[in-house]
Amino acid sequence: MKMYTAVVTGILFPLHERLKHHTTVAVHREMERSQWWDAARLADFQLTRLRALLQHAQAHVPYYRTLFAKLNFDPVAIADLHDLARLPLLTKADIRVHLDALKADNAVGLARFNTGGSSGEPLIFFIGRERVSHDVAAKWRATRWWGVDIGDPEIVVWGSPIELGKQDRIKQWRDKLLRTRLLPAFEMSARKLDDFVAEIRRVRPKMLFGYPSALAHIAHYADERGIAMNDMGIKVAFVTSEALYDHQRAQIEKTFGCPVANGYGGRDAGFIAHQCPAGGMHLTAEDIIVEIVDANGQVLPHGESGEIVVTHLATGDFPFIRYRTGDIGVLDDTPCACGRGLPLLKAIEGRSTDFLVAQDGTVMHGLALIYVIRDLPGVRQFKIVQESLTHTRILLATDAVFDEANIGKIEAGIRQRLGEGVRVEVERVNEVAKEKSGKYRYVISHVVP
């Protein structure tokens with residue numbers, strides 16, 4: 001470990017987390033040990049934490065206090081992880097309706113988050129300090145599998161306004177100290193891509209982190225211009241938030257000269273799984289219980305495909321208990337060659353975000369348009385379909401809260417990004433149809449970048 005990285009990992013980052021009242025360092029220390037436990041010990045640990053979460057929810061969360069009373073459900077009587085199936089699934093619609101009732105009356109440091117999700121359904125929820133500490137620790141552990149530690153130089157290609165909207169002076173200094181450089185994934189014009197390639201070469205990161213589509217696009221651009229990107233010592237490209245396709249993995253690995261590690265999760269569900277160097281997609285089992293359910297909500301055995309449902313054990317401040325992700329996946333009961341006892345996801349489906357092309361040829365991430373729509377009150381579902389450079393359709397499902405004046409805002413926002421000459425057609429629908437996989441694709445572009 002280089003001297004600067006050792007200082008950050010051992011002194012600066014622990015101090016940073018202590019000042020934020022996070023327990024990240026202690027959680028990470030325990031995770032480094034528990035990843036080697038066998039399946040039985042991990043299951044016992046999950047059961048203990050599950051009982052604690054459910055008892056806490058009964059005592060402090062109005063939504064669950066009412067639900068448990070209605071079901072005559074006693075958290076103390078939980079004897080097995082399978083008993084979790086006695087509780088109903090938690091949907092995005094449930095969270096929207098019961099947002100305030102899902103907050104614990106003793107919650108500490110709650111922060112408001114929102115996401116469009118891969119389903120195209122806007123969602124507002126809250127995250128407490130415990131959840132943040134555990135999620136950061138889980139990511140930290142996963143990057144260490146690949147020889148990357150906190151303090152090693154990192155390039156993040158991202159598009160969330162949560163990160164991009166908080167580039168205040170304190171955060172800028174923090175990112176400098178931790179050697180994290182954030183590149184906005186919204187716009188992929190030639191000028192921006194030139195800047196991105198130059199910045200990556202300047203920083204010489206140990207890790208790339210971001211959307212697979214964005215990293216693959218940068219890689220392809222560098223290849224087309226004959227710019228070498230495989231001589232900087234990058235150890236891994238961590239990708240998340242979208243489905244990772246084989247051609248993207250091949251492009252990234254070839255151009256940057258490093259392996260690609262897939263990650264699965266989201267702001268709502270947490271860091272669910274990370275890929276290790278042996279190829280296994282390991283569940284963060286200390287924090288998250290994963291169930292696979294069929295269309296009727298019945299739990300399926302390992303090896304069968306169904307919807308991924310998660311219970312995040314570090315969400316006492318705003319519980320996610322049996323939360324429907326909308327993603328389709330398969331659990332695996334085969335142990336990983338790496339020797340870790342953490343269970344595996346065999347397959348993940350869903351999460352597809354396309355690029356769009358503006359009239360002037362600028363290529364931009366689909367999230368640039370998603371953020372125009374997703375946070376408007378009353379929007380239930382949406383899909384953006386770019387038919388051509390001059391025509392984009394918006395399928396929009398709303399409820400009674402929706403203000404019709406926002407139609408004009410949507411049209412103006414889309415034209416602002418794609419070009420003033422674009423015809424924006426908003427089609428009102430009762431429901432946005434799902435794909436065959438059971439997921440929504442919330443951006444579809446028929447224009448080739």
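The values are calculated or read from the model by the stated rules, or taken from the named source; none is laboratory data. The structure displayed is predicted, hence computed values, not measured ones. With ideal geometry, Cβ positions are generated from the backbone for all residues, glycine too; neighbour counts draw on all protein chains shown. Keep in mind that these areas ignore ligands, DNA and RNA; they rest on the heavy atoms of the full protein, side chains included. Shrake-Rupley method; radii C 1.70, N 1.55, O 1.52, S 1.80 Å.
Annotation note: Cβ proximity below 7 Å between a residue of region 428-449 that is open to solvent by 90 Å² or more (accessible area, probe 1.4 Å) and a residue that is modelled with pLDDT under 70 (sequence gap 6+ or interchain) occurs for Lys434/Tyr440. Check Val309, Val330, Val290, Val299 and return the single one that is more than 17 Å from the chain's Cα centre (by Cα), modelled with pLDDT of 95 or more and of a type in the set (A, V, I, L, M). That would be Val299, the only listed residue that is more than 17 Å from the chain's Cα centre (by Cα), modelled with pLDDT of 95 or more and of a type in the set (A, V, I, L, M). Within region 242-265, the set of residues being in contact with a strand residue (DSSP E or B) (Cβ under 7 Å, 6 or more places away or on another chain) and at positive phi comprises just one member, Gly265. Given the structure, is Ala243 part of a loop (DSSP other than H, G, I, E, B) and open to solvent by 40 Å² or more (accessible area, probe 1.4 Å)? No. Looking only at residues in region 173-205 that are open to solvent by 30 Å² or more (accessible area, probe 1.4 Å) and assigned to a loop (DSSP other than H, G, I, E, B), which one is farthest from Ile150 (Cα to Cα)? So, considering only residues that are open to solvent by 30 Å² or more (accessible area, probe 1.4 Å) and assigned to a loop (DSSP other than H, G, I, E, B), the one farthest from Ile150 (Cα to Cα) is Phe186. Identification of strands (runs of 3 or more DSSP E) wholly contained in region 271-356 with 2 or more residues that are at negative phi and open to solvent by 30 Å² or more (accessible area, probe 1.4 Å) yields 320-332, 344-349. Criterion applied to Thr5, Thr48, Thr9 was being of a type in the set (Ser, Thr, Tyr), part of a helix (DSSP H, G or I) and modelled with pLDDT of 95 or more, and the one residue passing it is Thr48. Among the conditions (1) over 30 Å from Glu431 (Cβ atoms); (2) in contact (Cβ under 8 Å) with a residue 60 or more places away in the chain; (3) of a type outside the set (Ser, Thr, Tyr); (4) surrounded by 15 or more Cβ atoms within 10 Å (Cβ to Cβ), the only one that Lys103 does not satisfy is (1). Filtering Lys383, Lys409 for residues that are part of a helix (DSSP H, G or I), within 24 Å of Asp360 (Cα to Cα) and either open to solvent by 40 Å² or more (accessible area, probe 1.4 Å) or out of contact with any helix residue (DSSP H, G or I) (no Cβ under 6 Å at 6 or more places or on another chain) (or both) leaves a single hit, Lys409. Look at (1) modelled with pLDDT of 90 or more; (2) open to solvent by less than 10 Å² (accessible area, probe 1.4 Å) and you find that His365 fails only one, number (1).
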